[in-house]
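The values are calculated or read from the model by the stated rules, or taken from the named source; none is laboratory data. Quantities reported herein were computed from a predicted structural model and do not represent experimental measurements. All Cβ positions, glycine included, derive from the backbone under ideal geometry; neighbour counts span all protein chains shown.
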Amino acid sequence: MTSKKTYTRPDTILAVAGRDPANNFGIVNPPVYHASTILSPTMDKFENRVPFEGFGYGRNGTPTQKALEDAVAAIEGAHRSIAVQSGLAAVTGAIVGFLKTGDHMLLTDNAYGPARRFSNTTLKNFGVETTFFDPMIGAEGLAKLMRPNTKVVYLEAPGSQTFEVQDVPGMAAVAKKGGAAVLIDNTWATPLYFKPFDHGCDVSVHAGTKYIVGHSDAMMGLISCASRSIFETVKTACQSFGFHAAPDDAYLALRGLRTMGVRLRHHEKSGLAIANWLKARPEVDKVLHPALPDCPGHENWKKLFKGSSGLFSFTLRDGYSRNALAAMLDGMDIFGMGASWGGYESLMIPAHPDQYRTAVPWPKGKHLVRVHIGLEDVEDLKTDLAEGFERLNRAHNA
Ligand SMILES: *Cc1c(COP(=O)(O)O)cnc(C)c1O
C-alpha cells in the first residue's frame, strides 16, 4: 500500500487497501497479471519457494489476486483472505479443510442451498455426517447437538431466503468449547455490516459475486481467515483442489470493492423503504427483513450488525395461486427474475424453502418472494411493485 498509515474507518480502507501506485508507475489500480508460468532467476530460488508466500505458479495467484485478497483481509480484519473462483468454492473449500472421514458437521437449516447439497452428497459420500439445526436454536440448543467428533459449526446470518439472524457469538462460543471450527457465510452483510472475527468466528466466507463484484458480471469467492493456522488449513485445502480466481475477475472484484460502501448505503436505504412499503400492502403477510421486527432474530441483528443490505423476502397472505403469483412476477418491468443478487439492479424470485428445509419445515403452499433492491429510484420500484400486485389481484379474482 502506498498510503503509509493504517486506517480503521471502513470507507478509507476500501479506498486505500490492496494497491500500491508508487510501485506501479503511479497508476492508481493494480495491473492484471495473466500467468501460468512464473520464472525463478536461480535454481536455488526455484527449489526453495516458500509455501503460501510470493508468486510461484499462476494457479496459486499473482499480484492481482493478492491485491484483492489484501483489500478484503483489511476490510474484514482477517489474518489473510483467499480468493477462489466462486462463492460456492469458498463455502466448500473452507468446509473441507476442517473435516475428515468420521467427522460431524452442524449446518444451519437456512444455509445457502448448494452448501446443503454439498453436505448431503459429496461430504456424505466421504463419510462426513451433517446435522441441520434450527437457526434460532441459540447457544443452549446448539450445545445439545455438539458431539465429540463435531469439527465444523457452520452459520449463515441472516440465512438464505428466510433471513433468520442467529446468535453468532453465543453459538461460536459453544462450538469453540467443543473443539469445532466456526465458519460463517457473511455474504449478506459484507465485512462492512458484520465483523465475524469480533464475534468468535474462525472463517468468514463470501460470495464475492454479490456485493463485492457488485455489477452482476463476474463470479468470485473469498475466504477470510482469523489466524495463521486457520489460513494454512483452508489454503491447503483450496490449493489441493486447484481452486483459483481468474485475474480478470479478481480485477473486477477489486474495482467493485472500492465503491461497496456507497453502494451498500444506498441498497440499505432503498431496501428499508421498500420493506416498509411492502409491510403496508394488504397482499403481504410478513416481511422477512432483519431490520424489521417480523424477522426471526431481529434482536440479534440489532445487537450485532452495523447495517442491513438490499436483500430480503416477503410472504403473501394465504390463498393466492401459483398462477396469480406468476402473473405478478412475469410482468415486472424493472425487477428481473434470476439467480444471484448484489448487483446494481433489482431482482425478484419465487423461493421454495418447503422443498429443502429439514430441521424446521417451511409451511407448504406459503408463497415466499425474495427481492433484491438495486440502485434504481425507489419511487419507480414502488410503481413496478404496485402494478405487480394489481396483476396478482386481477389473476386471483379472475
Ligand atoms: C450466491 C451465494 C453463494 C454462492 O456464490 P456463487 O458465487 O454464486 O457460487 C454462497 N452463499 C450465499 C449466501 C449466496 O447468496
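Condition check: without any contact (Cβ under 8 Å) to a residue 40 or more places away in the chain and assigned to a strand (DSSP E or B). Does Pro361 satisfy that? No: the conditions fail for Pro361.
Restricting attention to region 76-88, the residues that are part of a helix (DSSP H, G or I) and surrounded by fewer than 23 Cβ atoms within 10 Å (Cβ to Cβ) total 1.
Residue selection: Leu392 satisfies the criterion of being touching a helix residue (DSSP H, G or I) at 6+ places or on another chain (Cβ under 6 Å), crowded, with 17+ Cβ neighbours inside 10 Å and among the aliphatic types (A, V, I, L, M). Number of residues in region 153-168 that are more than 16 Å from the ligand (Cβ to nearest atom) and either touching a Cys at 6+ places or on another chain (Cβ under 9 Å) or within 26 Å of Ala89 (Cβ to Cβ) (or both) equals 1. On the given criteria, is Ser160 over 28 Å from Arg228 (Cβ atoms), within 15 Å of the chain's Cα centre (by Cα), of a type in the set (Ser, Thr, Tyr) and assigned by TED's automatic domain parsing to the domain that holds Phe241? Yes, satisfied.
Within region 80-89, the set of residues being within 10 Å of the ligand (Cβ to nearest atom) and not polar (S, T, N, Q) comprises Val84, Gly87, Leu88, Ala89. Note on region 90-114: residues that are within 12 Å of the ligand (Cβ to nearest atom) and either surrounded by fewer than 23 Cβ atoms within 10 Å (Cβ to Cβ) or in a loop (DSSP other than H, G, I, E, B) (or both) amount to 5. Restricting Tyr193, Tyr154 to those that are buried (at least 18 other Cβ atoms within 10 Å of the Cβ) and farther than 18 Å from Ala115 by Cβ reduces the list to Tyr193. If I ask for residues that are of a type in the set (Asp, Glu) and out of contact with any Leu (no Cβ under 9 Å at 6 or more places or on another chain), which ones from region 17-71 would you list? If the condition is that a residue be of a type in the set (Asp, Glu) and out of contact with any Leu (no Cβ under 9 Å at 6 or more places or on another chain), then Asp20, Asp44, Glu47, Glu53, Asp70 are the ones that fit. Scanning region 308-328 for residues that are surrounded by 17 or more Cβ atoms within 10 Å (Cβ to Cβ) and more than 16 Å from the ligand (Cβ to nearest atom) returns Phe314, Thr315, Leu316, Tyr320, Ala324, Leu325, Ala327, Met328. Residues that are in a loop (DSSP other than H, G, I, E, B) and either more than 16 Å from Lys366 (Cα to Cα) or touching a Phe, Trp or Tyr at 6+ places or on another chain (Cβ under 7 Å) (or both) within region 308-339 comprise Ser308, Ser309, Gly310, Gly331, Met332, Asp333, Ile334, Phe335, Met337, Gly338, Ala339, listed in sequence order. The condition of being farther than 21 Å from Val360 by Cβ, among the charged types (D, E, K, R) and in a loop (DSSP other than H, G, I, E, B) holds for only one of Asp217, Asp198, that being Asp217. Just one of the listed residues (Ser340, Ser346, Ser270) is crowded, with 22+ Cβ neighbours inside 10 Å, of a type in the set (Ser, Thr, Tyr) and under 30 Å from Pro10 (Cβ atoms), namely Ser346. On the stretch given as region 340-357, residues that are more than 16 Å from the ligand (Cβ to nearest atom), in a loop (DSSP other than H, G, I, E, B) and modelled with pLDDT under 95 total 0. The condition (being outside any loop (DSSP other than H, G, I, E, B) and in the same structural domain as Gly208 (by TED's automatic domain parsing)) is satisfied by just one residue among Val287, Val234: Val234. Which one of Gly271, Gly221, Gly242 is more than 13 Å from the ligand (Cβ to nearest atom), touching a helix residue (DSSP H, G or I) at 6+ places or on another chain (Cβ under 7 Å), at pLDDT 95 or above and of a type in the set (Gly, Ala, Ser)? Result: Gly242 is the single residue among Gly271, Gly221, Gly242 that is more than 13 Å from the ligand (Cβ to nearest atom), touching a helix residue (DSSP H, G or I) at 6+ places or on another chain (Cβ under 7 Å), at pLDDT 95 or above and of a type in the set (Gly, Ala, Ser). Scanning region 171-221 for residues that are within 10 Å of the chain's Cα centre (by Cα) and of a type in the set (Val, Ile, Thr) yields Ile184, Thr187, Thr190, Val205, Thr209, Ile212.
Restricting Gly342, Gly307, Gly297, Gly338 to residues that are outside the structural domain of Leu99 (by TED's automatic domain parsing) and without any contact (Cβ under 8 Å) to a residue 60 or more places away in the chain narrows the list to Gly338.
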